[in-house]
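So the structure is just underneath, and the comments pick up after that.
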Amino acid sequence: MVFLSQPSVSCAQGGLKRALARWQVKVSGLLYGHLLNPLWMSRSQRRARREEAIKKAVQRYLDRYYDFSQPLQSSDFYHPATGCPDGACPEKLWTIWLQGETQMPPVVRACIRSMRENSGLEVVVLDEAWLKEFITLPAFIQEKWEKGLIRPAHYADICRIELLYRYGGVWCDATDYIPGPIPDEVMQEDFFVFLSGEKLFGAYSFIQNCFIRARCDSYLLAAWRRAVHIYWAQENSAVDYFIHQLLFNKVVADDSRAAQAFARMPHLPQDPTHELWYLHGYEPWDETTAQTIFAKAPFQKTEYKSPLALHPPKGSIAEYLMQK
């Protein structure tokens, strides 16, 4: 995999070109996402145009510097250790809370409890120290993380791919509420993520990465991991908050084998995974409503920073989930 800057360009010149390209991303988002975004359109239409402008600008940035078209070789895949041949060991559910479980907000504690009680998988909750016992990241990534160049959210993005590449299984964000066993049809897939959907902010991200099912020999997973490493080998920050997801988009656009594997994956939008908390969180708890929504997806996404998470109304769905 080759970084596409010209060899004759000095490091200083290369840095300047990259800075100009990043500036163009911001200008494109401002110009086409705001200034030239028709005011007579609906709010949702304007948001869709703005997000599409941002996505195209980021993809042009990646086109300028990276080539993800070369197919992976068999040596690029992780092979399970001899103590766990052919991936025969039981797969686990992985999640991270870098500060440790004692520092979890109430809604996160509730989500972790739901994983342990309902998922049907062994749940491994890793903090920053324990994480190093399970994976070893490339030195350039670890160094940038320790210098504060990589944000915690993007560091967790990198680590989730590394965990699944090494062990396989299911990744869940610590804010995923799991109402029941992970469905067999999900576990039977070599690789599965939900698509970004159309109703929520961030639809331009192409996929969501808060729930990932992957076997350690998944081609899509290995190709995505390589793209993430290529990007962070050259970059000191994320050109967009959703860079992790947009790198996946770039992989399936450029790598024909990845595109074929992605085409075989069930294409399901993320919208049903955000219903309970985001659409009904303030409403009084209703068992029928909750079970109807739980039946639509293997998890429900929550968050821990909003007034709903910090001060849930008494008797609300949000309060019930936290106390259940």
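Descriptive notes on the structure:
- Number of residues in the stretch 234-264 that are surrounded by 18 or more Cβ atoms within 10 Å (Cβ to Cβ) and closer than 26 Å to residue 302 by Cβ: the value is 10.
- Qualifying residue in the stretch 121-141 (condition: surrounded by fewer than 21 Cβ atoms within 10 Å (Cβ to Cβ) and within 16 Å of residue 209 (Cβ to Cβ)): no
- Unique residue being in contact (Cβ under 8 Å) with a residue 40 or more places away in the chain and surrounded by 14 or more Cβ atoms within 10 Å (Cβ to Cβ) when the list is 312, 298: 298
- Test: residue in the stretch 3-20 that is surrounded by 15 or more Cβ atoms within 10 Å (Cβ to Cβ), modelled with pLDDT of 70 or more, out of contact with any Gly (no Cβ under 6 Å at 6 or more places or on another chain) and within 30 Å of residue 172 (Cα to Cα): no
- Of all the criteria given as (1) more than 13 Å from residue 248 (Cβ to Cβ); (2) more than 14 Å from the chain's Cα centre (by Cα); (3) not charged (D, E, K, R), the one not satisfied by residue 170 is (2).
- With respect to being assigned by TED's automatic domain parsing to the domain that holds residue 153 and within 23 Å of the chain's Cα centre (by Cα), residue 241 fits the description.
- Every pair of residues 6+ apart whose Cβ atoms lie under 7 Å, when the first sits in the stretch 144-173 and is assigned by TED's automatic domain parsing to the domain that holds residue 298 while the second is of a type in the set (A, V, I, L, M, F, W, C): none
The values are calculated or read from the model by the stated rules, or taken from the named source; none is laboratory data. Note that the structure is a prediction, hence the values are computed from the model and not measured. When we count neighbours, we look across all protein chains shown, and the Cβ atoms used for this are built from the backbone with ideal geometry, even at glycine.
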